[in-house]
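Input: a single structure, listed below in structure tokens.
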Amino acid sequence: MANHPRSFRRNLLLKILAFSVPILLIGQGVALRKARSSLLKTSRQNLTSSAIRKAEELQTGIRSVEANLDLLAQTAAFQAGDEQAIEEILVEFDQDTPYVISCVELRAPQAEADTVNTCDRSIIPNAKQVPWLQSGSVESSDFYVFSPGQDAPTAATSTALNGEDRALIKFIVASPIYGDDGELRYTLAMEVCLFQLQDIGAQSLVGETVVIDPNNIIVTHPDPNQVGKNISELRDARKLSSTIGSVRAGNSDFVHLFRFLPQEGGEWLAGYSGFKVPVSPKQNNVWTVLAVTPIDRALYGLNEIRQVLVVLTIGLLAASTLLALYVARSLSLPIERLIRYTQDVDDLSQLKPAPHSSQIWELDYLGTVIERMLRRLEESSAELRHAWQDAQMANQLKNEFLANTSHELRTPLNGIIGSIHVIRDDLCDSRAEELEFLQQADKAAFHLLSVIEDILSIAKIEAGTLDVNITPVDLRHILQDVLDMQTLQFQKKGLQLIRPEFSEPIIIPVDHSRFKQVLLNVLSNAMKFTEEGSIAISVTTDESIDKGDSPPELFLPPPPWVKITVKDSGIGIEPQHLSKLFKPFVMVDGSHTRPYEGTGLGLAISQNFMRLMQGDIAIRSDGAGKGTTVTIVVPQIVKEAASQSNPTQMADDGQSGERQATDEPASAVSADS
Ligand code: ADP
């Protein structure tokens with residue numbers, strides 16, 4: 001199944017919840033555990049204190065019974081054995097005591113029947129248990145406490161008294177009564193019930209009372225069926241016997257009982273302590289008292305804490321969900337805005353500013369970076385567009401160039417071949433006609449040579465291997481040479497030539513042949529594209545030049561310099577074509593059917609030549625039919641400097657520039673320098 005990536009918002013939400021939920025639940029568990037152990041600790045302490053208190057109360061109660069028995073034994077009725085009076089005293093005694101006497105038995109030694117018995121059973125322990133009935137073991141002021149034993153009628157072990165739940169602890173106390181003569185007169189036994197406050201409510205930690213006598217017989221137990229049993233019969237026997245051992249060693253502590261009630265399971269918590277009952281002046285018996293309570297009651301309050309914790313956890317979960325939603329929303333919104341921003345960018349040239357309202361620095365910065373990136377993309381795509389257009393144009397120019405060049409090459413070649421054939425086949429009528437054909441062939445060959453030279457020059461320019469050989473030459477001579485070469489064509493076309501008059505030599509540092517080639521190209525273009533009117537050549541030197549008059553695109557060399565202007569009244573050039581004319585192969589009319597010959601290389605070559613000679617060339621026209629002006633600037637060597645650097649040259653003002661260039665090479669500059 002495909003695993004679809006989730007949205008940022010959903011991811012963030014799930015991650016926050018995945019972290020916060022377990023943390024909250026673990027926190028709840030830990031808090032609950034802590035509360036439980038703290039409650040348990042308190043309960044253990046309370047139950048232990050309660051057991052100690054219960055033991056003390058029982059000891060006090062038994063001591064009080066003992067004291068009362070002593071008092072009874074001293075009364076005259078007992079001394080005299082007056083049954084009537086004894087019974088009255090006992091009834092009165094029963095009413096006055098803070099405990100309940102459920103049975104009184106008074107028996108004279110060796111007597112067949114009881115002297116007094118308020119219940120229909122005998123509670124006096126047997127002779128084995130009561131030492132004074134055994135011969136020779138009579139001691140004064142003996143007092144014995146017994147548990148009612150298994151045979152005693154089962155009675156409720158707890159009772160409600162004045163609305164309070166009280167444990168009922170039943171003892172049998174027995175004491176000998178001696179006459180004035182010191183003779184044993186009676187054995188008095190009483191079944192005494194002491195009451196003890198026990199758990200009265202869920203929050204009470206008094207605990208229910210369990211009393212175990214020194215013979216490990218249970219005297220009091222929340223379950224009446226357990227009363228009178230030996231602890232060895234109970235399921236918790238081992239724990240209880242070790243508890244009793246601890247009590248006998250004088251300790252008070254707590255114990256956890258897991259099978260306290262025979263029928264029910266469940267854990268009970270018990271605090272334990274003990275109290276001592278003097279059974280004779282020499283002997284003490286230790287009774288064990290437990291304050292027991294089910295663990296649920298011991299941990300009363302844990303449920304409330306649990307409920308509070310659950311409510312708190314749910315509240316925190318809800319709060320963390322809301323927080324997660326808020327955080328996820330506030331983080332994802334700016335990201336979604338950025339996504340929309342990038343999705344909406346159809347036209348890079350119409351790019352809007354990236355959204356910046358997130359109040360999150362990183363996201364705002366991301367927006368800025370994306371915007372900057374898109375703008376750069378737009379720039380580079382514009383560059384690419386231009387490069388593509390240039391490449392297309394170059395391709396188109398190449399095709400046009402090939403067409404033009406083949407035409408430019410074929411035409412003179414055909415002329416040459418045709419002339420040669422006419423002469424070879426002896427088709428001429430006269431020697432003069434033959435010479436005319438030969439002259440035409442010669443002219444065509446020269447034209448062919450110039451076309452090939454142009455192609456070679458542009459190839460060198462593009463390869464960066466074009467060299468110039470700079471020497472100081474007189475501009476007047478070069479101009480004269482060029483004009484001499486063009487005079488015939490001027491005359492043929494009937495154009496008016498306006499040329500400058502020079503009084504002084506104008507020395508310029510140029511490559512003689514290259515500079516001449518530039519002037520020739522400019523003049524032949526002027527002538528080629530001018531059908532009627534004039535071609536005006538003017539030369540101005542630095543001092544007389546108004547700089548504002550020069551075309552702005554012209555790179556002026558450091559002064560002094562010379563400006564040569566060739567202005568024709570020809571077909572002119574549309575302004576939109578002007579900027580590209582210096583690119584190789586460009587002709588205003590790209591069609592090879594154009595009426596003018598040419599390869600479109602002349603101006604490109606001229607510009608490269610001029611720049612290698614620290615000068616420049618520019619072309620201007622006011623539009624079609626409005627004539628064209630070509631401006632050439634070139635550094636000038638003023639007379640003093642020229643005579644210092646080349647005194648021979650300056651002395652020979654009348655010599656041709658061609659010769660000077662050949663004789664005295666001054667410096668060479670490469671196109672790639
Ligand atoms: P070519 O003359 O061989 O075509 P150039 O590089 O010398 O190549 O000229 C490039 C183009 O510039 C010409 O084809 C022409 O369209 C335009 N051009 C140059 N000089 C003139 C001029 N004097 N008058 C009108 N157009 C000109």
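Data overview
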read-out: LEU197 long-range amide H proximity, modeled H, under 5 Å; value: ALA167
read-out: Karplus (6.51, -1.76, 1.60) ³J(HN,Hα), θ = phi - 60°, over the range 324-335, in Hz, Gly and Pro reported as x; value: 4, 4, 5, 5, 4, 5, 5, 7, 7, 4, x, 5
read-out: Amide hydrogen neighbours beyond the local backbone of ASP236, cut-off 5 Å, H modeled; value: none
read-out: Under-5 Å amide H pairs with ASP253, H placed in peptide plane, nonlocal only; value: TYR272
read-out: Viscosity 0.692 mPa s, 37 °C: Kirkwood-radius Stokes-Einstein D of the range 21-65 over Cα pairs, µm²/s; value: 251 µm²/s
read-out: Inter-centroid distance (Cα atoms) of the range 222-287 relative to the range 1-66, Å; value: 29 Å
read-out: Burial ranking of peptide ranges 488-495, 473-480, 83-90 (average Cβ count within 10 Å, highest at the top); value: 473-480, 83-90, 488-495
read-out: Exceeding the 28 Å Cα-Cα cut-off - candidates LYS41/LYS239; LYS580/LYS626; LYS34/LYS54; LYS563/LYS626; LYS15/LYS352; LYS492/LYS583; value: LYS34/LYS54; LYS15/LYS352; LYS492/LYS583
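Readers should treat all values here as calculations from the given coordinates under stated rules, not as data from a laboratory. Because the structure is predicted, anything quoted here is derived from the model rather than measured. Backbone-built Cβ (ideal geometry, glycine too); neighbour counts: all protein chains shown.
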